[in-house]
Amino acid sequence: MSKKFLPMAVALVLAVLFGGYWYLNYFNNNAGLATGEKVHFTITKGMTTRDIANLLHEKKVISTPESFLITAKVRRMEDALKAGNYEITAGMSNADILEIIATGKTRYNVFTVPEASSIREIARKLEKEHLGSAARFEEAAVNYTPYPYMETSNPDVIFKAEGFAYPATYYLPEGASEKEILTRMVKEFNTRLTPEVREQLSKNTMSLRDVVSMAAMVEREATFREEMPLIAGVFLKRLEMNMPIQSDTTVQYVLSEHKEEVMYSDLKVQSPYNTYLHPGMPPGPIANPSMEAIKAVLDPVKTDYLYFVADKDGHHRFTKTYEEHKQMIRSIHGDVEL
């Protein structure tokens, strides 16, 4: 390069560097608005880039509408912005905001369904987190049976969808209806029925609905996952011997209020779900179990145990006879009336 062109080249490089710095620190920068607050906004169909820029400026997430428009033009994203409900953090750069809107990363609400939650418990949690109506969710679950294995003609079943709303963490679109939320959960259950699980089910004499019913009781009883196959073995052995299952969890399902401890007087509650009064399986699942609980029922630990009782740490002590069971209860809980 000749000496006379050197100053011109240096000036050009400096101009590019200055321009880049100016763009990054003025037009693309909203650091002065970085409160860390989550800001929600809605882009409707037909809104222009200018409309969006004005909206974001009103929401105090961009410094000026012009800076957002220039960034959109430089990045050639003016025609890529999608309608939807969004959530961003105040202080994000224009480029990051544009990326979210252009990729359609609409706002989602995170909703976690704990393992072995019942339909009523899910409904209450949904309402508590302001994501829907408990009453409408329960109403949707009464007769919802999109898959043949969910169908039942038993008139005593309270919620036909009970047992099939899979416990997991869901990312729910803003404004999702209670029926749509239930649909997501039931689809997730169906997805979890892998070919391996379906193969195990095909070899089992119980229907899928009964397997889920058993798994729900097992998981509600178990504090520790490793005990699930043992508890499943006890319940299945009782069924084989035509003994009542006698699971406290089925009594809790129909009590008007949740109790940490079921009293002996509660065991007399009149309900088809009460496995102390009625032999065999309850009319339907009493909760929505995890796949681990279902697998425990499909592959139980077979023993001679017929009884179990939880100690103060939640671990279960297993016994073979009722006399041993009574002795175990007294050794754990003291001299109680049996």
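Read-outs throughout are calculated quantities, based only on the coordinates presented, and are distinct from any laboratory measurement. Just so you know, these numbers come straight off a predicted model, no measurement behind them. Methodologically, a virtual Cβ is constructed for each residue, glycine included, from the backbone with ideal geometry; neighbour enumeration extends over all protein chains shown.
Convex hull over the alpha-carbon atoms of the stretch 109-192: what's its volume per residue in Å³?
Roughly 85 Å³ of hull volume per residue.
About the Cα centre, and with charges only on the beta carbon of Lys, Arg (+1) and Asp, Glu (-1), how big is the dipole of the chain? Nearest 20 debye, please.
Around 1580 debye, computed over the chain.
In what order do 226, 257 fall by count of nearby beta-carbon atoms within 10 Å, going from fewest to most?
Ranked by crowding around the Cβ, least crowded first: 257, 226.
With each pseudo-label sitting 7 Å past Cα toward Cβ, what's the residue 266-residue 149 distance in nm, one decimal?
3.1 nm
As a test of understanding, state the convex hull volume per residue of the stretch 119-261 from its alpha carbons, in Å³.
Output value, Cα hull per residue: 144 Å³.
Counting Lys +1, Arg +1, Asp -1, Glu -1, what net charge surrounds residue 200 among other residues with beta carbon under 15 Å of its beta carbon?
So the surrounding residues net to -1.
Using the Kirkwood formula on the Cα atoms of the stretch 205-333, what hydrodynamic radius do you get, in angstrom to one decimal?
The answer is 14.8 Å.
Going by how many other beta carbons lie within 10 Å of each one, how would you line up 142, 110, 234, 269, fewest first?
110, 142, 269, 234
What does the net charge come to around residue 287 if you take all other residues with beta carbon closer than 15 Å to its beta carbon, with K and R at +1 and D and E at -1?
-3
Can you give the charge dipole size of the stretch 91-149 about its Cα centre, rounded to the nearest 20 debye, using +1 on the beta carbon of Lys and Arg and -1 on the beta carbon of Asp and Glu?
That gives a dipole near 100 debye.
Treating the beta-carbon of each Lys and Arg as +1 and of each Asp and Glu as -1, no other charges, what is the dipole magnitude of the stretch 18-144 about its Cα centre, to the nearest 20 debye?
Charge dipole of the stretch 18-144: 140 debye, to the nearest 20.
Placing +1 on the Cβ of each Lys and Arg and -1 on the Cβ of each Asp and Glu in the chain, which of 141, 307, 186 has its Cα farthest towards the positive end of the resulting dipole?
In the chain, that residue is 186.
When the expected Rg is taken as 2.2 N^0.38 Å, what fraction or multiple of it is the alpha-carbon Rg of the stretch 163-222?
1.31
Could you check the spin-label model distance between residue 179 and residue 74? Points 7 Å from the Cα along Cα→Cβ, value in nm.
Taking the two extended label points, one gets 4.8 nm.
Around residue 152, under 13 Å between beta carbons, what's the net of Lys plus Arg minus Asp minus Glu among the other residues?
Within the 13 Å Cβ shell, the charges total -2.
Rank 319, 264, 291 by how far each Cα sits towards the positive end of the charge dipole of the chain (+1 on Lys, Arg Cβ; -1 on Asp, Glu Cβ) and give me just the farthest.
Toward the positive end, the furthest listed residue is 291.
Can you sort 224, 189 from fewest to most other Cβ atoms within 10 Å of each residue's own Cβ?
In order of increasing Cβ crowding within 10 Å: 224, 189.
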